Structure formats: structure tokens, C-alpha cells
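What follows is a short report on a single structure.
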Amino acid sequence: MNSARFDLKLEPEDKELLVSAAALMGSSLAGFVRAAAREKALSLIEREAQLKVSRLDFKAFTRALDAAFEPNAALQSALQETAKRVRRI
């Protein structure tokens, strides 16, 4: 397994805190920091990947999806042009 080095400067009180927490977990300081950073990163990425809308916005969104769709002139033109160029087998 390839690994990359990452150096981190800590205030003495922060290091003491992390060493104590690592000991409680039965882990090395590096292992604890690596696991905690990974957990936080995954949580943040998952949270940011979610779309959050108000109840009112969600209702408007679902109404728009359920409404009858009528293509505008640009879409009609694109569909007609495509039908001329694309041959179905």
C-alpha cells in the first residue's frame, strides 16, 4: 500500500487532548487523528451532497414534475432536426 506523509503542528494542550483520546480508543495518536479526520471528512461530504429544501419548495417542485409538459419552440425545433438526422434501426 502506498502512503502519503502529512505533518501537523499542534499546540501542546491539543496534543495532550488527542493523546488522551487515542489512549481511550486503544490507538496511536496518528491512528486516532487519521480515523477522526476521515470520519469528519466523510460526514461533511455526505452532508454537502444532500439537497435540502423547505416543505413549500418541495411541494412546488413536485407540482412542477407532475404538471403536463409542453415543449417550447426551441425543443420542438431540436426534436424535428434530430428526427431528420437520426435513423432508427
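The numbers here are math on the coordinates, done by the rules we state, and not lab data. Small disclaimer: the values here were computed from a predicted structure and weren't measured. Cβ sites come from the backbone with ideal geometry, for glycine too, and all protein chains shown count toward neighbours.
Note on the stretch 9-89: with charges restricted to the Cβ of Lys and Arg (+1) and Asp and Glu (-1), its dipole about the Cα centre is near 640 debye. Here each label is just a point 7 Å from Cα along the line to Cβ, and for ASP66 and ALA37 those points are 4.9 nm apart.
For the chain, the C-alpha radius of gyration sits at 2.24 times the compact-globule guess of 2.2 N^0.38 Å, with N the residue count.
Between the Cα long axis of helix 55-66 and the first principal axis of the chain there is an angle of about 40°, rounded to the nearest 10.
The residue list LEU44, ALA78, LEU29 was ranked by how far each Cα lies along the charge dipole of the chain toward its positive end, using unit charges on Cβ atoms, and ALA78 comes out on top.
Between helix 29-49 and the chain there is an angle of about 20 degrees, using the helix long axis and the longest principal axis of the Cα atoms.
Relative to the dominant Cα principal axis of the chain, helix 73-85 is inclined by about 80°.
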